[in-house]
Each structure stands twice: as C-alpha cells, then as structure tokens.
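See structure below.
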Amino acid sequence: MSDKKTIKNPFAGIVNYFKDVRGEMKKVVWPTYKQLQKNTIIVLISIVLIGTFIWVLDLGFQTGFKKANEISTQTNATTTTQPVTQGVPTEQAPATQKNGQ
C-alpha cells in the first residue's frame with residue numbers, strides 16, 4: 001500500500017462544470033425570431049394590463065379611504081363632547097373655569 005496522497009487539480013471541478021454547461025447549452029432549443037417577437041408582445045401586453053389593474057385597484061382604495069376619512073371627520077365634528085362627572089347629575093355638574101381661573 002502506498003501512503004502517498006494524490007494531489008488533485010483544484011480547477012478540474014470548475015473545468016468539468018463549464019464543460020457540462022456547454023454540453024447542456026447545445027441541447028437547448030432556441031426560439032425562432034417570430035416566436036421571440038410573439039412572446040415579447042404577449043409579455044408587454046400582460047405587463048400593461050396587470051399594471052393598469054393594480055393602478056385602478058389602488059385608485060379605488062385611495063378614494064374609499066378618503067371618503068371614509070371624510071365621513072369620520074364629519075361625524076367627529078358634529079358630535080359634541082360633554083364633560084362627564086361620575087355620580088353627579090348633569091344639571092348639578094360644576095361649571096368649568098375659563099382662562100385658567
């Protein structure tokens with residue numbers, strides 16, 4: 001038995017990897033120019049349609065939230081807040097002082 005260690009080339013794995021990649025790339029069926037044009041047009045139309053859909057959805061949410069906010073602020077402006085004193089009827093509630101007096 002030999003105690004010598006065999007030294008492997010550290011770049012052999014990298015070279016084999018790129019040889020395999022080259023072999024696989026030869027197996028690829030590339031689209032024709034017509035197919036490429038057709039697929040590109042389909043992708044661009046899809047992007048425009050999906051973008052428009054998202055924009056309309058966003059616009060709807062924005063309008064809805066603005067309306068909800070307007071309703072909320074109108075409701076808050078029309079309601080008056082009465083000071084609440086526990087245990088004392090409203091008629092007998094002490095008057096509040098003005099101007100820090």
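Nothing in this text is a laboratory measurement; each read-out follows from the coordinates by a stated rule. These numbers were taken from a predicted model, which means no experiment stands behind them. Here Cβ is always computed from backbone atoms with ideal geometry, including for glycine, and neighbour counts include all displayed protein chains.
Observations
- Placing R0 at 35 angstrom, the Cβ-Cβ distance between residue 71 and residue 43 gives a FRET efficiency of 0.25 after rounding to 0.05.
- Between residue 14 and residue 50, the modelled label-to-label distance comes to 3.7 nm, taking each label 7 Å out from Cα in the direction of the beta carbon.
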